[in-house]
Amino acid sequence: MQTHKFDVVIVGAGGAGMRAALESGQRARTAVLTKLYPTRSHTGAAQGGMCAALANVEEDNWEWHTFDTVKGGDYLVDQDAAEVMCKEAIDAVLDLEKMGLPFNRTPEGRIDQRRFGGHTRNHGEAAVRRSCFAADRTGHMILQTLYQQCVKHEVEFFNEYYVLDLLLLDAKDARTGAEIEGMDERPEGGSQDHGPAGGPVAGVPAGKRVAGVVAYELSTGEIHIFQAKAVVFATGGAGKVYKTTSNAHTLTGDGMAIAYRRGLPLEDMEFFQFHPTGLAGLGILLSEAARGEGGILRNADGERFMERYAPTIKDLAPRDIVARSMANEVREGRGAGPNKDYVLLDLTHLEPAHIDAKLPDITEFARTYLGVEPYTEPVPVYPTAHYAMGGVPTNVNSEVLSDNTTVVPGLYAAGEVACVSVHGSNRLGTNSLLDINVFGKRAGIAAAEYANRADWVAVPEGAEAETVAMLEGMLARTTGERPAAIRRALQDTMDANAQVFRTEGTLKQALSDIERLKERFSRVVVQDKGRRFNTDLLETVELGFLLDLAEVIVLGALERRESRGGHFREDYPNRDDVNFMRHTMVYRETTADGRLVNRLDFKPVVQTRYKPMERKY
Amino acid sequence: MAGEKEPGTRSATGEEGGEGIATSGAAPSSDYDHAGKGGASPRQEKGTDGAGGIPSFDVTMRLRRYNPELDTEPHWENYTVTMYGTDRVLDALSKIKAEIDGTLTFRRSCAHGICGSDAMRVNGRNRLACKTLLKDLDISKPVVVEPIKGLPVEKDLVVDMEPFFAAYREVMPFLITRGAEPTRERVQSQPDRERFDDTTKCILCAACTSSCPVFWTDGQYFGPAAIVNAHRFIFDSRDQGSDLRLEILNDREGVWRCRTIFNCSEACPRGIQITKAIAEVKQALIARKL
């Protein structure tokens, strides 16, 4: 085992992690741990753009953007956080341009902007051109640009290191600063008063303290403890709980699951976004930019069905509405194809030169994976699991909360792993690239500033023991079931029972399936017994994370007896603000007799200037 | 680096290697044939799977295996699996790992050609496993998959990427500007933006660099990917660091090592015209000397 000591440890090297690293690295000694190489992160798969009210091509302002975000999230958005995001969006885009991001340009040489779902002028009057983009590979360019800047600033990366545990101590047990014999203290003033406002003050232990993380080095199988004053989780989403997903194989919700296992709550996990236009049968994402550039969804009869569901902005309605409309067309027998199980994305009326200039990658996906030529043929599409609106609860400073209000000193989260909540019950397209930049930056600054004024927390003896026991247990078992069948069964039940349409019956089915799968997982066997590059072992660990998260998603969905945003209950088809205008919080707790149980709680929604209205487009 | 052998060469690993993974059912002897569930019969068209379903077929994957904890040299193993019309090489590898041999090791992430994790040599050509459809290959013969060349093999299809990224970092792959930053964005005309568009597509998968015969024989050569990423900034009208980068690429291990073999352009899964980009860097160097 090796130990390391950094002021700040950032877990994950996608957009949020690297944006945080650029800030933290210039203020404090920072390490970035990633289970991939940074440029492999799934930020790179984002396509359509990043919205900011630059008003480069038409009138716009950040307040309209805020309204769209709140309405798009079906009023479950914390409005203070949405205001921060939309206001800071403008600088976030300009920061990236100054770092070198090659945005598409207007004829005047300014950053070009295009339409995107749910983004409107003057509170819903008409679609507005707000999305800043680099062809249909905006995420790729963000990831590359941030990595380039990390190279420039010599950010220290630990590639292919899997963080498997968070060292989170009860404050009363945490030994800090002068209590630790032999700790090399850096000079600092006022070290006794180290918590941010609301955080604990030494001598009055309350809540929890961060001491670092436990990581597994893929190439050697060695365990590493990274002691840190501050830890930033930027581990991304958990799309692999579903079978049909736009997400990478590696999006297994590691950060969410680790926090949850350490007793931190998960917020709003029942809200999972299904992106309307996944390649049918494959789930590979075709950007909403296809519709922003004029693409039209049609059913088997060639009808532009979105005219019926969202008469004003039609195909550019928010994703939850479009996905549900598509699924409804298929359910009512108007699906296309031999099995009538998808709808069609029609780009054939667009000029091929326009398609090549604005949508080159996604049209190539259609050609490569389905053999469809988008110039002349409509592309088969169906909703695909895309984005977790929920996650580890944070405040606008990216500080992680251990309940509705209490900050965990030294722990930060940003990006898809976090729930600020700027996306509420349904995220608008482009707001995820915005989220990672705004809250990644905030997390990096806050973590470094905290580290520079906080004490070290001692790493307890045997801090790695639980992780080692988990891994050795999996490796020691010689007979049992391989992980793949369990993973497939999990994804099948989630696709069948907790997807676009949900009922109490389907959710209960999913819950009992997950319970049985967890039982099977307790006897899972890893075939590769080696130390080096044991991906068999890590995939098994990841499956454990997915099982935990699937259970939380389904529990939240069962409890939420209403329909809102991305969560649609056929048995409760209306929004119910009286009972459910509140965030769901799920905690894992241990009972007196040692059983693990989930406790559900709620958290109020922060409303500032927008009162909930009926959501029509 | 693991020993290099031509496809089809048997490398005797000896039986002792089998002990450590006794539960795997994958004795690491050469040319062992494995059959996946439902795929034991000889290769044949299996028709379709249900009404209007997708045609399935059996395919034999011939994989170059190397486990540093057990093997002294790489060896070949064959696996036969049943696959479907839209399946890619990556799907076949995943199926083998899931159902036959969990020790099979390869990198993968996004699975649709964007993240650059799974560059490998398929039937002698560098490609992304997730972007290579099985139906586009000749499946009447085994599909031969091996790690990309010129980088040390760590395990099976996984190579050490560090030398590749080190070369990338050396060309200063970041925007360099002087003077005060503007308050708004820097202005860039559409033609100026278009000038370097092609080389912004690079995903750093290493398919190009590891297809280059010059790189195979001289690991010090920067290689096509590093030059592509230098090009991306040299021809960006906002950048003011071109002289520094051109000086680096004027090095004896720089751009002049390119012999215009075009392997890189053929290998690029993003369709970047790499040889052209390298030629443009050469021209910029010549123009600068004049």
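The values are calculated or read from the model by the stated rules, or taken from the named source; none is laboratory data. Remember, it's a predicted structure, so these values are computed and weren't measured experimentally. With ideal geometry, Cβ positions are generated from the backbone for all residues, glycine too; neighbour counts draw on all protein chains shown. Just the protein is used for accessible areas: all its heavy atoms, side chains included, with ligands, DNA and RNA removed. Shrake-Rupley method; radii C 1.70, N 1.55, O 1.52, S 1.80 Å.
Results, tabulated for the structure shown:
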{"read-out": "Identity of the residue in segment A:105-133, without any contact (Cβ under 8 Å) to a residue 12 or more places away in the chain and within 14 Å of another protein chain (Cβ to nearest Cβ), that ends up nearest to A:G44 (Cα to Cα)", "value": "A:R105"}
{"read-out": "Among (1) more than 9 Å from chain A (Cβ to nearest Cβ); (2) closer than 30 Å to B:C110 by Cβ; (3) polar (S, T, N, Q) - the single one B:N229 does not satisfy", "value": "(1)"}
{"read-out": "Helices (runs of 4 or more DSSP H) completely within segment B:177-290 that count 2 or more residues being within 30 Å of B:V145 (Cα to Cα)", "value": "B:213-217, B:224-234, B:263-267, B:274-289"}
{"read-out": "Residue in segment B:101-114 that is in contact with a helix residue (DSSP H, G or I) (Cβ under 8 Å, 6 or more places away or on another chain), part of a helix (DSSP H, G or I), farther than 23 Å from A:P38 by Cα and of a type in the set (D, E, K, R) present", "value": "no"}
{"read-out": "Selection from segment A:60-99 of residues that are open to solvent by 10 Å² or more (accessible area, probe 1.4 Å) and β-branched (V, I, T)", "value": "A:V84, A:I90"}
{"read-out": "Test: B:R65 is open to solvent by 10 Å² or more (accessible area, probe 1.4 Å), under 19 Å from B:I203 (Cα atoms), more than 9 Å from chain A (Cβ to nearest Cβ) and not β-branched (V, I, T)", "value": "no"}
{"read-out": "Filtered residue count, segment A:506-548, keeping only those that are in contact (Cβ under 8 Å) with a residue 24 or more places away in the chain, more than 14 Å from chain B (Cβ to nearest Cβ) and small (G, A, S)", "value": "2"}
{"read-out": "Only one of A:L282, A:L297, A:L345 that is within 14 Å of chain B (Cβ to nearest Cβ) and either touching a residue at least 40 places away in the same chain (Cβ under 8 Å) or assigned to a helix (DSSP H, G or I) (or both)", "value": "A:L282"}
{"read-out": "Odd one out for A:P102, checked against (1) within 14 Å of another protein chain (Cβ to nearest Cβ); (2) open to solvent by 10 Å² or more (accessible area, probe 1.4 Å); (3) part of a loop (DSSP other than H, G, I, E, B)", "value": "(2)"}
{"read-out": "Condition met for B:P191 (out of contact with any strand residue (DSSP E or B) (no Cβ under 7 Å at 6 or more places or on another chain) and over 27 Å from B:M161 (Cβ atoms))", "value": "yes"}
{"read-out": "Number of positions in segment B:160-198 that are farther than 17 Å from B:E247 by Cα, within 8 Å of chain A (Cβ to nearest Cβ), of a type in the set (D, E, K, R) and within 23 Å of the chain's Cα centre (by Cα)", "value": "1"}
{"read-out": "Neighbours by Cβ (under 9 Å, 6+ apart or cross-chain): first from segment A:463-479, within 11 Å of chain B (Cβ to nearest Cβ); second loosely packed, with under 12 Cβ neighbours inside 10 Å and assigned to a loop (DSSP other than H, G, I, E, B)", "value": "A:R477/A:R523; A:T479/A:R523"}
{"read-out": "Within segment B:114-149, considering residues that are among the small types (G, A, S) and under 11 Å from the mean Cα position of the chain (by Cα), the one surrounded by the fewest Cβ atoms within 10 Å (Cβ to Cβ)", "value": "B:A129"}
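Conditions (1) under 24 Å from A:T138 (Cβ atoms); (2) open to solvent by less than 10 Å² (accessible area, probe 1.4 Å); (3) basic (K, R); (4) touching a Phe, Trp or Tyr at 6+ places or on another chain (Cβ under 6 Å), marked per residue:
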{"residue": "A:L285", "(1), (2), (3), (4)": "yes, no, no, no"}
{"residue": "A:G302", "(1), (2), (3), (4)": "no, no, no, no"}
{"residue": "A:F305", "(1), (2), (3), (4)": "no, yes, no, no"}
{"residue": "A:T312", "(1), (2), (3), (4)": "no, no, no, yes"}
{"residue": "A:L316", "(1), (2), (3), (4)": "yes, no, no, no"}
{"residue": "A:I321", "(1), (2), (3), (4)": "yes, no, no, no"}
{"residue": "A:A353", "(1), (2), (3), (4)": "yes, no, no, no"}
